[in-house]
Amino acid sequence: MHERQVFLVGGGWDAAELYEPFLRAAGGSGARIGCVIVDEGDGAAQFERYAGALSKAGATRAPEPLLVPLGGRFEPDRALDGIDGLLVCGGLTPAYQEAFAGCLERLPELLAERGVPYAGFSAGAALAARRAVVGGWLLDGVAVCPEETGEDLAEVEVRAGLGLVPFGVDVHAAQWGTLARLVAAVGRGDMPYGVAVDENTLLEVAGTRARVTGLGRVHVVRPGGEERQGGVYVRAYRAGQDFPVA
């Protein structure tokens, strides 16, 4: 069994170097990377964006497109054959959760058995959590973030995720205002704690530590204690800083 390595990118296309640690963990520039994309009709075009980012990060081998039709299911046993690293890409987060719903236990097992690192971009980052924030902009009918960030959902919704990290994850934090959504989810008790990742920012989780790289910040949201029902504490970490993973 290998130590789990997880790389969470909060979105954005201005820092291809964020993929360098993932490539190193997968075996270097010649690693065979599988890119999972839920195909909403433009899957091939979306794949080219990720292939370009990996190439800029130093990949010399073309990644493998692993397209899942909208409404379909990801089948990890077959998809991971020969794969050195798995990148789960971005798109409609509820659709990604549905695509992986049948392998929420099997996929982490396979990654651990084969020593395959996991990278998640936007929706793929959110899905890495045990309790995944998949969208929504209302909490009990009250707005907590912009409506356009709701991912076609109204009420904030938290579903079962892959459990690769023990905290909830939200993305595009500074750019979309989703930190407030994560604050609401943690305050409601939907997860032990959460992290909100800015765009062009990487959170690398290995063992018991998480390290921040990139242009933005990672915001860690923790419950405020029994004496403050529903309260939370928020601390922001910038590039070069790290924190313990409970």
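At-a-glance table
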item	result
Simple spin-label estimate for R188 and A16 in nanometres, 7 Å along Cα-Cβ	3.9 nm
Efficiency of FRET between D81 and D42 - r from beta-carbon atoms, R0 25 angstrom, step 0.05	0.45
Between segment 164-198 and segment 43-68, the Cα center-to-center distance that results, in Å	27 Å
A101/T208 FRET efficiency (R0 30 Å; Cβ-Cβ; nearest 0.05)	0.55
At R0 = 30 Å, FRET efficiency that the Cβ-Cβ distance of K56 and R222 yields, to 0.05	0.30
A160 versus L67: modelled label distance in nm, points set 7 Å from Cα along the beta carbon direction	2.9 nm
Dipole of segment 8-74, positive end: most advanced residue of G72, G41, G12 [Cβ charges, Cα centre]	G72
Under 13 Å, Cβ to Cβ, from V142 - net charge with Lys/Arg +1 and Asp/Glu -1	-1
Residue range of the chain that is longest and free of GluC sites (Glu not before Pro) which are both DSSP loop and sparsely packed (at most 13 other C-beta within 10 Å)	106-225
Point-charge dipole on Cβ atoms (K/R +1, D/E -1) for the chain, about Cα centre, debye to 20	780 debye
Charge dipole (debye, nearest 20) of segment 17-117; +1 at Cβ of Lys and Arg, -1 at Cβ of Asp and Glu	260 debye
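Rule-based calculations on the coordinates, nothing more; no lab input. Being a predicted model, the structure only gives us computed values, none of them experimental. Because the Cβ atoms are built from the backbone with ideal geometry, glycine has one as well, and the counts that use them run over all protein chains shown.
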